[in-house]
Amino acid sequence: MRETFLFEYAVIRVMPRVEREEFINVGIVLYCAKQNFLKCVFELNKNRINTFSSDLDIEVVKENLVAFEKISSGSKGSGTIGQYDMASRFRWLTATRSTVIQCSKVHPGFCLNAEQTLLKLFQQLVL
């Protein structure tokens, strides 16, 4: 039997009007310590978002999601938070906030391959 690895993930949401608490799932962030993996994927569907709020600046949302992606990968230009270790970056990204971009609660699971699990969750929960 192949070894499975504990992972944690959260759904990345766009909440055009925070006070209404309505949201659209736009991405997934997944962390697996044993596989040294932290990554997020997202897709903005302008038509879906405009259904909720036509005055939301999609380009600003996209810029913030790109920053989210940079922090998760720890890439150049990710700022101070991007230099933290993976676990700390994941905790920072998934912290509760009251902004247009929010994450769901963190959910655990077991996987064989973190990358494949990320893409599967993205397909199931976002697309």
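Among all residues of segment 58-72, there is none that is aromatic (F, W, Y), surrounded by 12 or more Cβ atoms within 10 Å (Cβ to Cβ), farther than 13 Å from I12 by Cβ and modelled with pLDDT of 90 or more. In segment 29-82, how many residues are free of Cβ contacts under 8 Å to residues at least 24 places away in the same chain, under 16 Å from R97 (Cβ atoms) and in contact with a helix residue (DSSP H, G or I) (Cβ under 6 Å, 6 or more places away or on another chain)? Going through segment 29-82 one residue at a time, the tally reaches 2. Residues in segment 74-90 that are surrounded by 14 or more Cβ atoms within 10 Å (Cβ to Cβ) and either in contact with a Ser or Thr (Cβ under 8 Å, 6 or more places away or on another chain) or in a helix (DSSP H, G or I) (or both): I81, G82, M86, R89, F90.
The values are calculated or read from the model by the stated rules, or taken from the named source; none is laboratory data. Please read these numbers as outputs of a predicted model, since none were measured by experiment. Glycine gets a Cβ as well: all are built from the backbone with ideal geometry, and neighbour counts include every protein chain shown.
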